[in-house]
Amino acid sequence: TQLAVQGLAGSGLIGVAKDNIPGQGQPPGVVVGFCEIEMDKDTGKFEILDYTAIADCGTVVHPKNFDNAMRGGAVWGVGLASLERHVYDPQNGLPANTGLYQNKPPTYLDVNTNTKMGGVNIPDPQNPTGGRGIGEPTQGASAAALASAISDALDGHLFNTAPTTTDMIVNHLAGNTYSTKSLKTNTF
């Protein structure tokens with residue numbers, strides 16, 4: 001979050017890693033995302049001002065498909081972090097919001113179209129084409145970046161649940177509790 005990295009201001013952002021784990025199977029892609037929002041604290045609504053993502057995806061085989069996958073995953077993550085609330089009937093466990101009007105999926109209208117995407121573009125030695133997959137990591141990076149941006153706007157408050165909706169934000173700012181509780185951990 002911005003609060004967590006304020007001490008790094010002016011020092012640049014550098015990340016280097018090398019593992020010594022023997023390669024087996026498909027190497028995973030890794031994506032990092034950065035999000036800036038503007039929040040109206042009276043209504044709890046926020047607007048994404050800027051989103052930047054960088055993928056360590058190996059060789060970028062098809063730049064247009066890479067860009068589309070990165071943008072699509074970012075939209076998917078916005079849905080996870082702020083829109084798609086799954087509600088189940090506590091008596092029978094069936095989904096209670098089955099229509100798209102009750103559980104809105106994200107569209108490009110929900111995100112800032114002026115996003116920046118990039119790839120490291122260093123071939124992966126474990127793959128003959130040098131590439132890695134980037135499907136799911138893009139979604140996780142954008143969801144985490146948006147949740148962190150919301151936390152920054154709320155002076156570090158974390159809801160520890162997804163999605164973070166406007167009613168949760170308004171209730172938090174008013175000092176009320178919100179209705180969502182974290183699930184208990186099943187330890188068997």
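For THR138, state whether it is surrounded by 18 or more Cβ atoms within 10 Å (Cβ to Cβ) and in contact (Cβ under 8 Å) with a residue 60 or more places away in the chain.
Numbers: surrounded by 18 or more Cβ atoms within 10 Å (Cβ to Cβ): yes; in contact (Cβ under 8 Å) with a residue 60 or more places away in the chain: yes.
Yes: the conditions hold for THR138.
Name the residues in region 107-122 that are touching a strand residue (DSSP E or B) at 6+ places or on another chain (Cβ under 6 Å) and not small (Gly, Ala, Ser), would you?
VAL111, ASN112, THR115, LYS116, MET117, VAL120
Under the condition of being over 11 Å from the mean Cα position of the chain (by Cα) and among the aliphatic types (A, V, I, L, M), which residue from region 114-151 is modelled with the highest pLDDT?
In this case the residue turns out to be ILE150.
Please specify each residue of region 87-123 satisfying the condition of being in contact with an Asp or Glu (Cβ under 6 Å, 6 or more places away or on another chain), in contact (Cβ under 8 Å) with a residue 24 or more places away in the chain and either part of a loop (DSSP other than H, G, I, E, B) or surrounded by fewer than 11 Cβ atoms within 10 Å (Cβ to Cβ) (or both).
VAL120, the sole residue that qualifies.
Counting only residues that are on the phi < 0 side of the Ramachandran plot and either surrounded by 15 or more Cβ atoms within 10 Å (Cβ to Cβ) or among the small types (Gly, Ala, Ser) (or both), how many does region 124-133 have?
The qualifying residues number 5.
Return the pairs, sorted by first residue and then second, in which the second residue is surrounded by fewer than 18 Cβ atoms within 10 Å (Cβ to Cβ) and not in a helix (DSSP H, G or I), the first residue lies in region 149-161 and is small (Gly, Ala, Ser), the beta carbons are less than 7 Å apart, and the residues are 6+ apart or on different chains.
Between residues of region 149-161 that are small (Gly, Ala, Ser) and residues that are surrounded by fewer than 18 Cβ atoms within 10 Å (Cβ to Cβ) and not in a helix (DSSP H, G or I), the close pairs are ALA149/GLU36; SER151/THR1; SER151/HIS157; SER151/LEU158.
Looking at this structure, is ASP67 crowded, with 16+ Cβ neighbours inside 10 Å and either touching a strand residue (DSSP E or B) at 6+ places or on another chain (Cβ under 7 Å) or among the basic types (Lys, Arg) (or both)?
no
The values are calculated or read from the model by the stated rules, or taken from the named source; none is laboratory data. These numbers were taken from a predicted model, which means no experiment stands behind them. Neighbour counts run over all protein chains shown; Cβ positions are idealised from the backbone, glycine included.
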